[in-house]
Amino acid sequence: MKKRYTTCMATILCCILYSSLLGNNATISNPQYNKQTRSLTFDIGWNNGFRVSTEWFDYIHLVIKVKNSNENTWNPAPAFTATAISLQTPNSSNGGFTGVWHSPGFTSGTDGGRMIIQFTSGTFINPSFKIMAIEMVYADHEDLGYTYNFGDGITRNRLHDGSDEGLPFSWAPPYPDIVVGDQSGELGSTFNIPLPFAMSNIHKSMMKYEITQGMYVDFLNCLTRPQQDTRTETDLSIGVSEVTEIYVMSARTFPSLDNGIRCASTIPSSGRITFFCDGNNNGIGNETDDGLDRACNYLGSEDTKAILDWLHLMPMLQVEYELWSRGGGQVVPGEYAWGSTAYHVIDVNGWNQEGTSSEVHNDLGTPGAHVSTNFSAKRVGAFAGATTTREQSGASFYGIMDLSGSLSESIYSLLTTNGASLPNPQDLGDGIIGIHGNHNQSSWNNTILMATGKMLSYGSGNPISLLNNVIETERSSSQGARGVR
Ligand SMILES: [Ca+2]
Ligand SMILES: [Ca+2]
Ligand SMILES: [Ca+2]
């Protein structure tokens, strides 16, 4: 009976969660800093908010960086108290970031308000601020009380119940720690998985969308020159002042596979470079059709770790990928993140309003429509329309967009560990990366990142239960990033 109830509930939620006119439009505007009161105020808003309950809603992960006029580096903002008009926040933050939530009466649609950040520590000298808003989904998997299944019974390398390879491993309240073994109720897998794994290790927040090109530009523009050189493919080391491969993520002279992140052809020979998006390749940066809301491809796994460290997030684990995809839904053998095996290869020429925040495809509304991973990088959440269902919009059970399709997801795979420890789920990024541009979280190097969630244009894809073994260490045109915390 319980299962019927949860499935029914998910169906009812479809119209609330999975429809949206635009997929990605958190905005920050009218920022003001008052030197006397040391307070930073600004408007914040987003269009596709939803709040199902206190256990399940979307929110804004707000990251604040500061640079004093006598410094060359952008650093996490010092400790502050946060208040908001028409929204909710935690009262205090140790610095760097805070969450912004809907008010309790909110259900869905556009939301926003004015934020007041009151700094309580640190010293400022003519400070500059960068404020970044990242849309996240919060789900308290334990309190929601669903039964979570791992493995779909048919996909190769899947997880399964210890007693039977054809049976999903079922994790039900009170969610005992997962133990690997060959008995019923234990987690069975062909591979040596370093578990037990506790519910407390599953993160409760995940980015609703993949990292966009606009976000990656913001990141690059806050780095020092050596860090910028590390996090791009083109040689931008100190001493370089003439650049031919201006599209810096692919080291090309043109926006390869729609990655429009570039610099000018003449840059300072030392010091910080200012990057911009020029997806339409006309030499003018950050126009409305320059692709700032497109998923950021050409991210290698070290780029992913670095930006997620800097954003106070971390990469997800394999089990989190499957859990956030299927959620409390029934197991569908061979399913993708939208809960079915529906698969639709779109016409590459069917895009409209290309590069804009309204980039949309003629096949919008077709079940299983998606951006094939080997095509290019398009707007995140591009298949969520005003009336689309979960299956049409490419949303996961919890409303995470493009977990299948668009760019591949970088995850900590269980396969590669072979007994090595997984990263510590509490070892979240602290907003600071190393002087050479690499992440510096102590537990993150134990295992490498792998790509999952691929959907190929020739009609095959990675079901969510596939334990992938595709290691991508180089920057690849199909690889993107998404964080959890
Ligand atoms: Ca342009
Ligand atoms: Ca994806
Ligand atoms: Ca760090």
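Laid out as a table, the results:
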{"read-out": "Set K35/K208; K35/K305; K67/K208; K35/K204; K35/K378 screened for pairs whose C-alpha atoms are more than 32 Å apart", "value": "K35/K208; K35/K305; K35/K204; K35/K378"}
{"read-out": "Debye log10 I(q)/I(0) at q = 0.16, 0.22 Å⁻¹ for region 26-137, Cα point scatterers", "value": "-0.69, -1.18"}
{"read-out": "Whole-Å semi-axes of the ellipsoid equivalent to region 123-172 (Cα gyration tensor, √5λ, descending)", "value": "45, 15, 9"}
{"read-out": "Chain lengthening between S442 and I471 when straightened (0.36 nm per residue, less Cα-Cα)", "value": "8.3 nm"}
{"read-out": "Taking only Cα atoms of region 347-474, radius of gyration then Dmax in Å", "value": "17.2, 49"}
{"read-out": "Nearest-ten-degree value, helix 2-17 long axis tilted from longest Cα axis of the chain", "value": "30 degrees"}
{"read-out": "DSSP bridge pairs, the chain: antiparallel proportion in percent, nearest 5", "value": "90 percent"}
{"read-out": "Inter-label distance, nm, simple model (7 Å from Cα along the C-beta direction), D182/T366", "value": "4.7 nm"}
{"read-out": "Angstrom value of the Kirkwood radius, inverse mean 1/r, which spans all Cα pairs in region 336-385", "value": "11.3 Å"}
{"read-out": "Convex hull volume of region 38-90 per residue (C-alpha atoms, cubic angstrom)", "value": "126 Å³"}
{"read-out": "Helix-only CD estimate at 222 nm, as mean residue ellipticity for the chain, using -39500 (n - 2.57) per DSSP H run (n ≥ 4)", "value": "-3500 deg cm²/dmol"}
{"read-out": "Residues C263, C296, C277, sorted so that the one with the fewest Cβ neighbours within 10 Å comes first", "value": "C263, C277, C296"}
{"read-out": "Cα-based Kirkwood hydrodynamic radius, region 213-292, one decimal, Å", "value": "12.2 Å"}
{"read-out": "Region 245-256 - phi-based ³J(HN,Hα) in whole Hz, Karplus 6.51/-1.76/1.60, Gly and Pro as x", "value": "7, 5, 7, 7, 7, 9, 6, 10, 9, 9, x, 5"}
{"read-out": "Tilt relative to the chain, helix 301-310 - C-alpha long axis, 0 to 90 degrees, to 10", "value": "70 degrees"}
{"read-out": "Dimensionless Rg/Rh of the chain - Kirkwood Rh, Rg from C-alpha atoms", "value": "0.95"}
{"read-out": "Region 271-381: C-alpha gyration tensor shape, a/c 1.5 cut-off, then a/b vs b/c", "value": "oblate"}
{"read-out": "Relative packing of 81-90, 112-121, which averages over residues the other C-beta atoms within 10 Å, highest first", "value": "112-121, 81-90"}
{"read-out": "Considering only region 238-387, percent of DSSP beta bridges that pair antiparallel, nearest 5", "value": "80 percent"}
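Where a number appears in this text, it was derived from the coordinates with a stated rule and is not lab data. Just so you know, these numbers come straight off a predicted model, no measurement behind them. Ideal geometry is used to build each Cβ from the backbone, glycine not excepted, and the neighbour counts take in all protein chains shown.
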